[in-house]
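Participant: I have a structure I would like to understand better, so I am pasting it below and will then ask my questions one at a time.
The values are calculated or read from the model by the stated rules, or taken from the named source; none is laboratory data. Note that this is a predicted model, so its numbers are computed, not measured. Here the Cβ positions follow ideal geometry from the backbone for every residue, glycine too, while neighbour counts run over all protein chains shown. All accessible areas refer to the heavy atoms of the entire protein, side chains included, with ligands and DNA or RNA removed. Shrake-Rupley method; radii C 1.70, N 1.55, O 1.52, S 1.80 Å.
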Amino acid sequence: MTSPLSRKLALDNECMALVLQGGGALGAYQAGVFEELLAIDVEPKWVAGVSIGAINAALIAGNAPEHRLARLHEFWELVSSGPARQAPFFDGQRTVFNQWSAAWAATFGVPGFYKPRVPPAMLQPDGTPAALSVYDSGALKSTLERLVDFDRINARTMRLSVGAVNVTTGNSKWFDNHNCPDGSGPTIIAAQHIMASGALPPAFGPVVIDGESYWDGGILSNTPLQYVLDARDDVKLLAVQVDLFPSRGPLPVNLGGVLQRHKDIMYSSRTRFTTEKIAEMQRLRGAMRRLIRRLPEALRDDPDLRALDATLHTQRVDIVHLIYRQSAFESESKDYEFSRPSMLDHWQRGVDDMRRTHQHLDWLEVSAIDSDVTVYDLAQGYEAAPSSKDEPDHDEKVALVEASKTLTKKPAARKTFTRKAATPRARQASNVRRKG
């Protein structure tokens, strides 16, 4: 049975996967997206995550459907229960507030997540676990064991995949409660597998599993999209990919902006690479299929050629792509700023963006990479999502689309609907152009 989202996009997918990127405190955005998916009766059959995305994925897969949202709320309310609970009255003070909140988290830790090592790592004996990280994440283990039913995960009622990287080999490692592409079979998932996916050095130390040490999977690839495409069954797949770092951004004007832009590019670049790799692979498959059809019948009966031809036919994939767009007051510390106001902002942004995606399908950019792969993006150009109270009416939306068609040009197949074009002046200019 297809999901309501698939039906609205006129798709016939057989499996829906929720793909969650790493991004620390920004992960509340993913929880908001999941809340809105539940509101429109969309239930993923597969959740895959890296770092904070792995934690959110475990909270979803490791609870009964009626408890999933409550457990996400419980986790995010816990990690945002430090002293920074009340936002300043004036928006102009918000940047200072966020920086203070991030400094507090860096100095004193985050409830239910981590705390500084005492004595610090530099005073610990070499080779000991305490010498390998700034923080002790033992609190996260207790939190996961309290909020996640790992027996349910290992009963495989929902597929769960979390990514890490082997410290000594540098190779990616996926822990999957279903069969892995490497033939290793299902993993019996426990708290340490989720912690390994989020063990970002030097903040957190490596997690040892079966004699091997693992760090945060985001070091190698901060999005599980490629793994999902490689490990999927032979079914039509709808992937809702929720990213926390945008690849596009303005030119920095100060050192803080440099650090922020560097972080965005570093953690988002793998997503762009994955999409380009999909396109390249699909083009090659198409070329090979066309070449095989041109061969004489006698050659097409060759067993090797038939085996090759079978690998070139894959079920279609539709990717609905959402990206968190930061507010003007956020800085390079956005991924470790765990204040309650920021958590609630991130969560609501996720709700709003997912709601726009399914309510305003004409706001989606459609990129047909291949007849078998299509990407649906909520407009790349729109920056900070307005609240749901500020939803544009029909006339504003028409003006937004018309103005963006005139004012923005891109060489790719994607059309960018720029949020800035929704100002009264831009709408007026668009109306003048239409009348003319």
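Participant: Cα-Cα over 23 Å: which of Lys115/Lys173; Lys115/Lys334; Lys141/Lys263?
Facilitator: Lys115/Lys173; Lys141/Lys263
Participant: Could you order peptides 297-310, 54-67 by the average number of other Cβ atoms within 10 Å of their residues, highest first?
Facilitator: Averaged packing, sorted descending, gives the order 54-67, 297-310.
Participant: Which order do Leu78, Leu259 take by accessible area at a 1.4 Å probe, largest first?
Facilitator: Accessible-area ranking of Leu78, Leu259, largest first: Leu259, Leu78.
Participant: R0 = 41 Å: FRET efficiency of Gln93 with Arg146, Cβ-based, nearest 0.05?
Facilitator: It comes to 0.70.
Participant: Here's something else I'd like to know. Using a 1.4 Å probe on the protein chains only, how many percent of the accessible area of region 200-243 belongs to carbon and sulfur?
Facilitator: Percent of accessible area from carbon and sulfur atoms in region 200-243: 53.
Participant: Let me ask you something else. Where does the charge balance sit around Ser137 when Lys and Arg score +1, Asp and Glu -1, over other residues with C-beta under 12 Å from its C-beta?
Facilitator: That works out to +1.
Participant: State the extension gain, in nm to one decimal, for the chain segment bounded by Thr157 and Ala106, taking 0.36 nm per residue of separation less the distance between their alpha-carbons.
Facilitator: Gain on extension, Thr157 to Ala106, equals 14.6 nm.
Participant: Keeping all protein chains in place, calculate the accessible area per residue for region 178-283 (probe 1.4 angstrom), answer in Å².
Facilitator: 47
Participant: Provide the net charge surrounding Trp46, with neighbours chosen by a C-beta distance below 9 Å and charges set as Lys +1, Arg +1, Asp -1, Glu -1.
Facilitator: That works out to +3.
Participant: I've got another one for you. Where Lys and Arg each count +1 and Asp and Glu each count -1, what net charge lies around Arg293 among other residues with Cβ under 10 Å from its Cβ?
Facilitator: Net charge around Arg293: +3.
Participant: Roughly how many nanometres apart are two label points built 7 Å out from the Cα toward the Cβ at Leu295 and Ser184?
Facilitator: For the pair Leu295/Ser184, the computed spacing is 3.5 nm.
Participant: Which value, in Å² rounded to 10, gives the accessible area of Ile188 with a 1.4 Å probe and all protein chains present?
Facilitator: Here the accessible area works out near 120 Å².
Participant: R0 = 35 Å: FRET efficiency of Asn254 with Leu123, Cβ-based, nearest 0.05?
Facilitator: 0.50
Participant: Moving to a separate point now. How large is ³J(HN,Hα) for each residue in region 44-55, as worked out from phi by the Karplus curve 6.51 cos²θ - 1.76 cosθ + 1.60 (θ = phi - 60°), to whole Hz, x for Gly and Pro?
Facilitator: x, 8, 8, 10, 10, x, 10, 6, 5, x, 5, 5
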